[in-house]
Amino acid sequence: MPANSAFGFRSSFGLRPSGFGSSPPRPHRRAGASKSPPLFDCSAWGSRLQYQAMKPKGIVYLVGAGPGDAGLLTLRAAELLARADVVIHDALVNPEVLTLAPKSAELIAAGQPAPGTGLAASELKELLLARARAGRSIVRLIGGDPYFFGSGSEEAELLADARVPFEVVPGVSSLVAAPNFAGVPLTHREFASQLTLLAGHPDPAQTAAGIDWRHVATSPGTKVVVLGTERIGPLAEQLVGHGLAADTPVAIVSGGATGRQRSIEGTLANIAGLAADAGIGSPAVAVIGNVVKLRSKLNWFERRPLYGQRIVVTRAREQAGQLSRRLRELGAEVLEVPTIKLEPPTRRQDLVDALLALNSYDWLVFTSPNGVSKFFEYFFKQFHDMRDLGGARIAAVGPATANKLKELHLQVDLMPDEALALEIAEAFSEFESIENLKICLLRAEVANRELPEALEALGAIVDDIACYQTVPETEDPTGAAASVLERGADWVAFTSASTVENFHARFDLPALQNKFPQLKTITIGPETSKALAALGLKPALEARQHSLDGLIAALLAAPTAELQPA
């Protein structure tokens, strides 16, 4: 190969491959020729030149946070939250939405439900401008839609006047979502082809608020009003007084599009009394018109099997999503109160030694999806090829653990359905003799000794290897823990002994049940129930199949009396 070629490429036409070998010869200059002066001589400026990084330009995103259900947030809103420097949010924005922001983001509440608290309007304006001028990316989360009876239009004007860049991201308004979730369409070919949307004034008689109540009362079609429930009576009186029939159907929806949703139906003549008797909370959405007649037929959300149930999920934060999502889809109000978080094991060297000796094992036994996730997290730090796992057979305790392994395209050779030590040992003995076989048991640092002892009783050589440890979770970024202490719940779902122990350490479970007698517990299986028994408690329900599917099935099969909300 020619000396001046690089990586096998031949130098053609006398050209040398760029970046390799010696530098190409410089152009020839005749002897005695004077050197051409540079066009610019910056040498004299060298000591005076100073370089400054360009100051980043801030931007404000006025983002509709939707009606309450985090699943109704737009993709654009989620994208902006994920890279926000600052999030300034309305007090009634679902706290779960805030978890989409980076942990480094500054979270600021723009106001509180109680009057006279939170940021004043002037303080909010100053804050928006200050953070933007500091070059920050700001997400201003506004309940519902920014321009739909929200503060977005005024804040957009402020930013435009100050020449601060901004973008408006529409959201789903509660005026649309709440009636939808309560089974009330806003328009219908048979009942209404005109729609009037109103923001109820604290005193409907004050026409200075910009509402012509006589015009509203005499206009055909559906009328939708967002207001405090204490103003329902005066509103009905105004409409009837200005000509709307007293027997006009009315639906009131509170907490629309969330697990807290409640709705009632009546007429302008009696709706105020019905709302007071039912304890409908504020703010609420009132739908007035004949479309309300369809509610009994179209009320899909409130017919879901777990509607009205307030359920606490205690799994680690990164694992809670699957269970929480399924419970919400069944109509429950879900409070994510993680009691544990996963951290590296105390004796990491044991795990390192096991990884280096994988070829010596006959069986790898995983007892939970956590064990699978954490083991392979460390495995792929050490190895880059799944074949380095060796020839060991794989056992998984329960279908959830098996599914986690199948996600990695690993064949599960043995899957005991029961998470009990004797059941697992019996499954091994039925599969093959494990006498003198070497078994690597991969699980949590603190775990029951019954399983390795049962396997050793069958003659196996067992290495009990901790892939992770569970430690108490004490943070409460969504305010769910505070809500449990304030209002209780219908159910607390426990998925491991450690969730029981850490929930009790944080809340004092017997005391919590004394304070809220309706609060019941459900466990994923007998090992978890043992942790409750240690506190002198018995679960109201225990899943027959020791998995999330089994836990949900147990809730759905509970007697009707058990599922009556408090």
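The values are calculated or read from the model by the stated rules, or taken from the named source; none is laboratory data. Bear in mind that the values here come from a model prediction, so they are computed numbers and not experimental data. When we count neighbours, we look across all protein chains shown, and the Cβ atoms used for this are built from the backbone with ideal geometry, even at glycine.
If the requirement is being acidic (Asp, Glu), modelled with pLDDT of 95 or more and under 22 Å from Leu227 (Cβ atoms), which of these qualifies: Asp145, Asp161?
Numbers: Asp161 fails: under 22 Å from Leu227 (Cβ atoms).
From the options Asp145, Asp161, the qualifying one is Asp145.
For the stretch 255-283, which residues satisfy the criterion of being part of a strand (DSSP E or B) and without any contact (Cβ under 8 Å) to a residue 60 or more places away in the chain?
Quick first cut of the stretch 255-283, residues part of a strand (DSSP E or B) only: 262-267.
Passing the criteria: Arg262, Ile264, Glu265, Gly266, Thr267.
I'd like to verify a number: residues in the stretch 229-253 that are closer than 25 Å to Trp300 by Cβ and at pLDDT 95 or above, how many?
To start, the set of residues in the stretch 229-253 that are closer than 25 Å to Trp300 by Cβ comprises 229, 232, 248-253.
Checking the rest, the ones that are also at pLDDT 95 or above come to 248-253.
Count: 6.
What single numbered condition from (1) at pLDDT 95 or above; (2) of a type in the set (A, V, I, L, M); (3) within 37 Å of the chain's Cα centre (by Cα) fails to hold for Val226?
That leaves (1) as the condition not met.
Yes or no: Lys57 part of a loop (DSSP other than H, G, I, E, B), within 16 Å of the chain's Cα centre (by Cα), among the basic types (Lys, Arg) and over 23 Å from Val285 (Cα atoms)? Reasoning before the result, please.
Numbers: part of a loop (DSSP other than H, G, I, E, B): yes; within 16 Å of the chain's Cα centre (by Cα): no; among the basic types (Lys, Arg): yes; over 23 Å from Val285 (Cα atoms): yes.
So Lys57 does not fit the description; no.
Residue under question is Arg262, and the condition is that it be within 30 Å of Gly71 (Cβ to Cβ) and exposed (fewer than 14 other Cβ atoms within 10 Å of the Cβ); does it hold? Walk me through how you get there before you give the answer.
Values: within 30 Å of Gly71 (Cβ to Cβ): yes; exposed (fewer than 14 other Cβ atoms within 10 Å of the Cβ): no.
Judged against the criteria, Arg262 is not a match.
Considering the stretch 407-454 alone, what residues qualify as being basic (Lys, Arg) and either over 31 Å from the mean Cα position of the chain (by Cα) or more than 15 Å from Ser368 (Cβ to Cβ) (or both)?
The answer is Lys438, Arg449.
Could you please find all residues in the stretch 484-502 being touching a Leu at 6+ places or on another chain (Cβ under 6 Å) and either assigned to a strand (DSSP E or B) or not aliphatic (A, V, I, L, M) (or both)?
Of everything in the stretch 484-502, just one residue is touching a Leu at 6+ places or on another chain (Cβ under 6 Å) and either assigned to a strand (DSSP E or B) or not aliphatic (A, V, I, L, M) (or both), namely Gly488.
With Val184, Val172, Val225 as the choices, which residue is out of contact with any His (no Cβ under 8 Å at 6 or more places or on another chain), over 29 Å from Leu81 (Cβ atoms) and in a loop (DSSP other than H, G, I, E, B)? It would help to see each step written out before you state the result.
On the way: Val172 fails: over 29 Å from Leu81 (Cβ atoms); Val225 fails: in a loop (DSSP other than H, G, I, E, B).
Only one candidate qualifies: Val184.
May I ask you to say which residue of Ala466, Ala447, Ala454 is over 15 Å from Ala396 (Cβ atoms), surrounded by 19 or more Cβ atoms within 10 Å (Cβ to Cβ), aliphatic (A, V, I, L, M) and free of Cβ contacts under 8 Å to residues at least 40 places away in the same chain?
The conditions single out Ala454.
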